[in-house]
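The values are calculated or read from the model by the stated rules, or taken from the named source; none is laboratory data. Remember, predicted model here, so these are calculated numbers, not experimental data. All Cβ positions, even for glycine, are placed from backbone atoms using ideal geometry, and neighbour counts span all protein chains on display. Heavy atoms of the whole protein, side chains included, go into the accessibility calculation; ligands, DNA and RNA do not. Shrake-Rupley method; radii C 1.70, N 1.55, O 1.52, S 1.80 Å.
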Amino acid sequence: LGQTTMNKVFGKAVFTRDGQTIELLPVADSADATLFFIISDGTSGEETYDAARFLYAEPAKDGKVILDFNRAQNPP
């Protein structure tokens, strides 16, 4: 929607999908808080809400984060 805000980022989630490296920056209140990702993809605006979807994940353990995109939410 073109809006921007300043947020704290304590790291990034990096993974490879179909040969492409993807980096997601989570918003969090602290390094051990639940991670909040604001994401969009090729379906945004056609199959889902235009702006984005939300994805929550537990903080990293041993340097790894589990991202379950089946749990992505459309904002209210």
Would you mind computing, in nm to one decimal, how far apart the modelled labels at Val14 and Ala60 are, each placed 7 Å from Cα along Cα→Cβ?
-> 1.0
Cα gyration tensor category, rounded, prolate or oblate, for the chain with a/c compared to 1.5 | oblate
Keeping all protein chains in position, work out how much accessible area Ile66 exposes to a 1.4 Å probe, and write it in Å² to the nearest 10.
-> 150
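Which whole-number value in Å² is the accessible area per residue of the chain, probe 1.4 Å? If you can, show how the numbers build up before the last one.
Details: 6170 Å² over 76 residues.
Value returned for the chain: 81 Å² of accessible area per residue.
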Pseudo-spin-label distance Asp29 to Tyr49, built 7 Å along Cα→Cβ, given in nm, is 2.1
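If you count the DSSP beta bridges with both ends in the chain, what percent of them are antiparallel, to the nearest 5?
So the antiparallel bridges in the chain amount to around 95 percent.
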